[in-house]
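*Asks:* Pasting a structure below so you can have a look.
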Amino acid sequence: MLKSGVFFALVVSLSVTAQYTATYLPSNAPVHSEEGQSGTNQCGTGSNQTSECQNAYVNSVQDFCIWAPPEPGPGSEIGDTEQIEVAWCMQSGYGTRLIPDGTIKGAHVVVTPDYIQVTGVGNLTNLNIPQANDGGGELDPHGATGEGNPIGGLVFSSAFGQLEQIHEWTNFVSDSEFCFRACKPSATAPKMCQHIYDVMGCTWNMPGNYDEGVFENCVGDSAEPMGVYGSSTFYQGEPSTPAAHPIPSSSKCTTYSTISNGMGLAGGATSAPSASSATSGHSASITVGTSSITKDTISITVGDPPLPRSLKHRAAPSNVVSSVIILR
Ligand SMILES: *[C@@H]1O[C@H](CO)[C@@H](O)[C@H](O)[C@H]1NC(C)=O
Ligand SMILES: *[C@@H]1O[C@H](CO)[C@@H](O)[C@H](O)[C@H]1NC(C)=O
């Protein structure tokens with residue numbers, strides 16, 4: 001009797017620790033975290049528009065990624081390429097592709113007690129998603145084989161403290177809409193990042209703000225777990241589909257006029273950052289004034305009577321703002 005009791009306890013503890021095969025950081029991820037992986041988890045730094053990196057980040061409205069196809073073309077619908085999607089990110093430094101400036105038309109980040117979520121709209125044909133009747137698709141770390149879609153895709157976030165791997169996440173993406181929820185590692189994560197409603201789309205799975213023209217970081221309440229209505233659980237394909245859960249309340253929003261990383265549509269640097277661009281958590285909006293941009297200087301003059309001010313900036317070669325001098 002005693003022996004079998006000990007054996008039982010051992011099996012239970014093994015099955016708990018074996019829930020996730022491994023936990024990585026970008027710095028110690030292997031070349032491939034799963035068999036049959038098309039891309040890589042060893043991505044280096046910087047960025048590259050032909051990168052095969054399969055590490056995605058969800059940190060803030062300035063710093064998130066979307067899974068999307070590696071190649072353009074009519075055969076690149078998410079449903080047909082889900083195993084091989086690569087990471088397209090707002091920020092350089094992760095070794096991924098960059099989401100070209102102007103692609104995202106509105107994005108809303110909310111951090112709740114259970115997850116960080118980004119919802120929004122854009123022209124995601126810039127990320128190789130075919131236009132037309134593709135209603136989009138869903139990516140998650142499970143998939144038919146348990147290896148995830150994309151196979152070997154890893155998600156990281158620092159929304160809950162130190163940068164960490166997020167084991168439960170779900171990302172819907174179509175040619176015009178996206179939503180990505182990354183759940184805080186905890187016992188609630190599997191149900192708050194439920195992935196079985198893969199034809200129900202963004203607004204049913206992740207009720208939230210999808211408005212165009214707004215870019216914001218907010219905190220908020222967690223939504224009800226998708227598909228769960230009190231004591232009953234809906235399963236996809238049942239004859240009647242319940243309404244989406246209500247949009248949870250959010251607050252403390254910081255809004256930005258746009259998000260940008262300097263990557264143009266054709267894969268080159270954008271010609272000039274606009275005077276109203278906002279990155280790295282700072283927002284600037286010029287309503288009166290002029291700006292001029294030369295090869296190595298950005299000059300913004302604000303008509304701010306009685307003291308006209310100008311901002312002069314020596315642009316670093318890589319489009320990174322290295323210093324700003326305020327002249328009066
Ligand atoms: C970009 O990534 C591809 C695929 O990983 C690689 O073959 C290529 O050398 C990289 N280019 C640069 C400039 O790093
Ligand atoms: C999306 O962008 C492509 C070019 O990048 C353009 O041809 C297309 O018209 C745009 N679609 C929408 C709906 O704006």
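Quick note: the coordinates plus some simple rules give every number you see, no bench work behind them. No experiment lies behind these values; they were computed from the predicted model shown. Ideal geometry is used to build each Cβ from the backbone, glycine not excepted, and the neighbour counts take in all protein chains shown.
*Asks:* Anything in region 114-132 that is within 14 Å of ligand 2 (Cβ to nearest atom) and part of a loop (DSSP other than H, G, I, E, B)? List them, or say none.
*Replies:* Taking region 114-132 first, the residues within 14 Å of ligand 2 (Cβ to nearest atom) are 121-132.
Within region 114-132, N123, N128, I129, P130, Q131, A132 qualify.
*Asks:* Any residue in region 34-50 that is under 13 Å from Y94 (Cβ atoms) sitting within a Cβ distance under 6 Å of a residue that is within 16 Å of ligand 2 (Cβ to nearest atom)? List the pairs, counting only those 6 or more apart or interchain.
*Replies:* S47/L98
*Asks:* Going by the structure shown, is N171 touching a Leu at 6+ places or on another chain (Cβ under 9 Å) and assigned to a helix (DSSP H, G or I)? Walk me through how you get there before you give the answer.
*Replies:* Working: touching a Leu at 6+ places or on another chain (Cβ under 9 Å): yes; assigned to a helix (DSSP H, G or I): no.
No, not satisfied.
*Asks:* Taking E52 and the conditions (1) of a type outside the set (S, T, Y); (2) surrounded by fewer than 20 Cβ atoms within 10 Å (Cβ to Cβ); (3) within 16 Å of ligand 2 (Cβ to nearest atom), which numbered condition does it fall short on, given that it satisfies the others?
*Replies:* Every listed condition holds for E52 apart from (3).
*Asks:* Still on this model: Could you check T145 against (1) part of a loop (DSSP other than H, G, I, E, B); (2) in contact with a strand residue (DSSP E or B) (Cβ under 9 Å, 6 or more places away or on another chain) and say which number it fails?
*Replies:* (2)
*Asks:* Hey, could you check region 57-101 for residues that are touching a Leu at 6+ places or on another chain (Cβ under 7 Å) and over 19 Å from G268 (Cα atoms) and say which is farthest from ligand 1 (Cβ to nearest atom)?
*Replies:* Narrowing region 57-101 to residues touching a Leu at 6+ places or on another chain (Cβ under 7 Å): 66-68, 82, 85, 88-89, 92, 99-100.
From what's left, over 19 Å from G268 (Cα atoms): 66-68, 82, 85.
Working: I66: 18, W67: 17, A68: 16, E82: 20, E85: 15 Å.
Step by step, filter region 57-101, then rank; the result is E82.
*Asks:* Restricting to region 69-83, name every residue that is in a helix (DSSP H, G or I) and either under 17 Å from D140 (Cβ atoms) or touching a residue at least 60 places away in the same chain (Cβ under 8 Å) (or both).
*Replies:* Applying the first criterion (in a helix (DSSP H, G or I)) to region 69-83 yields 74-76, 78-83.
Answer for region 69-83, where residues must be in a helix (DSSP H, G or I) and either under 17 Å from D140 (Cβ atoms) or touching a residue at least 60 places away in the same chain (Cβ under 8 Å) (or both): I78, G79, D80, T81, E82, Q83.
To keep it simple, each residue is scored yes or no on (1) free of Cβ contacts under 8 Å to residues at least 40 places away in the same chain; (2) over 23 Å from A244 (Cα atoms).
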| site | (1), (2) |
| --- | --- |
| E138 | no, no |
| G143 | no, yes |
| G146 | yes, yes |
| P150 | no, yes |
| L154 | no, yes |
| H167 | no, yes |
| A189 | no, no |
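*Asks:* Would region 84-92 turn up any residue that is part of a loop (DSSP other than H, G, I, E, B), in contact (Cβ under 8 Å) with a residue 60 or more places away in the chain, buried (at least 19 other Cβ atoms within 10 Å of the Cβ) and of a type in the set (A, V, I, L, M, F, W, C)?
*Replies:* yes
*Asks:* From the list G220, G230, which residue is more than 27 Å from I78 (Cα to Cα), away from ligand 1 (no atom under 16 Å from the Cβ) and surrounded by 20 or more Cβ atoms within 10 Å (Cβ to Cβ)? Before the answer, list the steps.
*Replies:* Numbers: G230 fails: surrounded by 20 or more Cβ atoms within 10 Å (Cβ to Cβ).
Exactly one of G220, G230 is more than 27 Å from I78 (Cα to Cα), away from ligand 1 (no atom under 16 Å from the Cβ) and surrounded by 20 or more Cβ atoms within 10 Å (Cβ to Cβ), namely G220.
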